[in-house]
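Take a look at the structure set out below.
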Amino acid sequence: MTIAIKFFASLRETVGQAENSLNSSSIMTVDDAWREATNSMDMPANMLIAVNMEYVERGARVKDGDEVAFFPPVTGG
Amino acid sequence: MTIAIKFFASLRETVGQAENSLNSSSIMTVDDAWREATNSMDMPANMLIAVNMEYVERGARVKDGDEVAFFPPVTGG
Amino acid sequence: MHIEILTDVFQPWQWLEQYESARRDVMAGQFGATSVFIGTMRDFNEGDDVSVMHLEHYPGMTEKYLQKIAEEAEERWDIQDSVILHRVGDVRPADAIVLVAVWSAHRADAFDASRYLMEELKSRAPFWKKESLLEGDERWVEKNTPDPGAERLIGTNK
Amino acid sequence: MHIEILTDVFQPWQWLEQYESARRDVMAGQFGATSVFIGTMRDFNEGDDVSVMHLEHYPGMTEKYLQKIAEEAEERWDIQDSVILHRVGDVRPADAIVLVAVWSAHRADAFDASRYLMEELKSRAPFWKKESLLEGDERWVEKNTPDPGAERLIGTNK
């Protein structure tokens with residue numbers, strides 16, 4: 001299965017990548033996707049996560065074709 | 001002593017006068033000025049009163065040279 | 001602080017653009033938040049079509065109270081500038097009646113102060129409205145209804 | 001309802017004038033209250049001079065969340081129209097960053113809904129700011145501070 005991964009803002013710089021595409025049958029949750037994409041870096045405590053552009057918690061399930069995004073607290077406005 | 005009296009908006013129409021000048025030594029309070037100016041009409045319950053362009057209650061004292069205004073609830077904005 | 005009673009139609013957005021342009025040297029880059037409220041004449045009220053509204057005021061006392069209200073807001077909130085414009089005379093549907101604007105470093109101050117200005121203006125500034133209905137009748141607007149959301153902002157400066 | 005992400009400098013007052021003109025046929029005489037909030041770039045932040053701010057966003061999710069927030073406001077308040085504009089790209093001091101506008105019959109709805117839009121935008125819409133300081137350093141803005149006055153408006157639609 002294929003999962004598209006995106007990183008934004010300071011997190012993109014910390015992780016050192018803007019996007020990624022994971023092909024792995026062992027990814028069940030957002031947590032798994034994070035570990036696979038970052039080589040098991042520690043998850044920042046205040047990080048926000050979206051699956052298919054909807055906010056989710058880190059334990060959320062992912063499925064084939066999903067887009068999973070990781071980013072720091074938002075600072076628009 | 002001389003007291004300038006003003007009436008505004010619907011109250012001006014009810015009382016039938018826009019302004020008046022009272023010359024009487026017996027005017028001590030806003031109440032007295034109202035009676036003198038309106039020939040003792042009933043005071044509308046929700047009427048507002050200003051002496052020298054500051055809101056006051058109906059028992060407020062008036063003195064020579066004061067401007068006393070009577071008007072209905074304000075409806076600006 | 002700018003307080004003005006206007007006898008003619010004004011365009012709120014044009015007015016604001018000109019005001020900000022004129023103040024660019026002192027204001028630009030200083031404020032982060034601008035909150036603006038505009039009250040506009042509707043062509044209906046209480047189920048009737050209104051063709052003209054006649055706005056009367058108490059010259060002298062109006063300016064005095066608008067000034068007082070704006071000073072209260074400047075004392076209470078962290079404000080860089082504030083504006084109150086209010087029409088008098090004959091106002092027609094879609095014409096602006098009132099404009100309130102507050103410039104501040106932070107959004108909470110701008111929102112609170114502009115709402116405070118509107119609420120106090122509506123309860124204390126001596127303006128009165130008389131509506132001319134399309135059918136020809138005239139009637140005085142009897143009172144302004146308070147804004148429940150402004151309750152926490154008022155009552156301390158009366 | 002109009003939601004737009006802008007990549008270039010915009011003039012809030014000109015934008016509003018053009019928008020209202022274009023909608024004159026459907027809107028004129030219908031609304032009594034307009035509440036507008038504008039967030040503008042300051043030339044300082046946390047004690048430092050800022051020369052440029054780089055505004056990044058998550059294309060697709062940004063529009064989706066702005067739309068969601070505007071729909072929530074329309075469900076909750078009696079609103080005739082609403083607008084959210086937000087800049088991305090390089091923003092300079094005195095440039096507008098965000099514009100929120102709400103047209104309503106009554107002032108309470110206009111004030112509440114515009115403040116709600118701003119608060120939700122600041123806590124949920126995926127935008128991020130990076131500041132370039134005058135001395136040459138760059139730094140990410142770490143988080144937005146909530147507006148305590150908006151507390152009673154939020155939390156029910158999360």
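Does A:Glu19 qualify as being charged (D, E, K, R), without any contact (Cβ under 8 Å) to a residue 12 or more places away in the chain and surrounded by 12 or more Cβ atoms within 10 Å (Cβ to Cβ)?
Judged against the criteria, A:Glu19 is not a match.
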Qualifying residues in the range C:109-154 (those that are within 27 Å of D:Ile38 (Cβ to Cβ), more than 7 Å from every other protein chain (Cβ to nearest Cβ) and among the charged types (D, E, K, R)) - the one surrounded by the fewest Cβ atoms within 10 Å (Cβ to Cβ): C:Glu151
Search result, residues across the range B:23-77 that are out of contact with any Asp or Glu (no Cβ under 8 Å at 6 or more places or on another chain), of a type in the set (D, E, K, R), more than 11 Å from chain C (Cβ to nearest Cβ) and in contact (Cβ under 8 Å) with a residue 12 or more places away in the chain: B:Asp31, B:Asp32, B:Glu36, B:Glu57, B:Arg61, B:Lys63, B:Asp64, B:Asp66
Qualifying residue in the range D:57-72 (condition: over 26 Å from A:Leu11 (Cα atoms) and surrounded by fewer than 16 Cβ atoms within 10 Å (Cβ to Cβ)): yes
Only listed residue being at pLDDT below 95, exposed (fewer than 12 other Cβ atoms within 10 Å of the Cβ), farther than 17 Å from C:Tyr58 by Cβ and out of contact with any Cys (no Cβ under 7 Å at 6 or more places or on another chain), chosen from B:Ser26, B:Ser40: B:Ser26
Selected residue [more than 28 Å from A:Phe70 (Cβ to Cβ), touching an Asp or Glu at 6+ places or on another chain (Cβ under 7 Å), more than 14 Å from chain A (Cβ to nearest Cβ) and surrounded by fewer than 22 Cβ atoms within 10 Å (Cβ to Cβ)] from D:Ala105, D:Ala94: D:Ala105
Evaluation of C:Val9 against (1) in a loop (DSSP other than H, G, I, E, B); (2) more than 19 Å from D:Ala33 (Cβ to Cβ) (one fails), failing number: (2)
Where C:Gln18 falls short, out of the listed (1) at positive phi; (2) part of a helix (DSSP H, G or I): (1)
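From the list D:Asp43, D:Asp48, D:Asp78, exactly one residue is at the interface with another protein chain (Cβ under 7 Å from one of its Cβ atoms), surrounded by fewer than 16 Cβ atoms within 10 Å (Cβ to Cβ) and at negative phi. Which is it?
On the way: D:Asp48 fails: at the interface with another protein chain (Cβ under 7 Å from one of its Cβ atoms); D:Asp78 fails: at the interface with another protein chain (Cβ under 7 Å from one of its Cβ atoms).
Among D:Asp43, D:Asp48, D:Asp78, only D:Asp43 is at the interface with another protein chain (Cβ under 7 Å from one of its Cβ atoms), surrounded by fewer than 16 Cβ atoms within 10 Å (Cβ to Cβ) and at negative phi.
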Number of the condition not met by B:Asn20 [criteria: (1) away from every other protein chain (no Cβ under 14 Å); (2) assigned to a loop (DSSP other than H, G, I, E, B); (3) in contact with a helix residue (DSSP H, G or I) (Cβ under 7 Å, 6 or more places away or on another chain)]: (2)
Unmet criterion (only one of (1) surrounded by 21 or more Cβ atoms within 10 Å (Cβ to Cβ); (2) in contact (Cβ under 8 Å) with a residue 40 or more places away in the chain; (3) within 7 Å of chain C (Cβ to nearest Cβ)) for D:Trp13: (2)
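The values are calculated or read from the model by the stated rules, or taken from the named source; none is laboratory data. If you're wondering where the values come from, they're calculated on a predicted model, not measured in any experiment. Neighbour counts run over all protein chains shown; Cβ positions are idealised from the backbone, glycine included.
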